[in-house]
Amino acid sequence: MDVFDQATELERMERELAVKKAVAGDNFSEGPEWIDGVPCCRDCGEPIPAARLKAIPGAGRCCACQQEWERQRKAWK
Ligand SMILES: [Zn+2]
């Protein structure tokens with residue numbers, strides 16, 4: 001492997017890591033806000049339904065806020 005190949009490999013690994021972080025960050029990095037032992041939405045403070053947490057472990061927002069958040073995220077891109 002010459003120097004050029006090594007640089008390319010490093011670049012590829014860094015890019016993969018960035019993608020993994022971005023994907024994980026969308027749903028799992030933040031988690032809910034715990035209020036009195038109840039997982040609540042980070043944006044509106046409403047309790048997150050148990051069914052939603054079961055479907056998306058670590059969900060940090062209720063359905064409505066998650067949709068709004070994703071909509072805004074798309075608008076930024
Ligand atoms: Zn909410």
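When each of 73, 42, 61, 52 is tested for being away from the ligand (no atom under 15 Å from the Cβ) and either among the acidic types (Asp, Glu) or at pLDDT 85 or above (or both), the lone residue that passes is 73.
Of the residues making up region 34-77, those that are in a helix (DSSP H, G or I) and of a type outside the set (A, V, I, L, M, F, W, C) are 52, 54, 66, 67, 68, 70, 71, 72, 73, 74. Scanning region 1-33 for residues that are under 24 Å from residue 73 (Cβ atoms) and at pLDDT 85 or above gives 14, 15, 31, 32, 33.
The values are calculated or read from the model by the stated rules, or taken from the named source; none is laboratory data. Computed from a predicted model, the values in this text were never measured in an experiment. Heads up, the Cβs are rebuilt from the backbone with ideal geometry, glycines too, and the neighbour counts pull from every protein chain shown.
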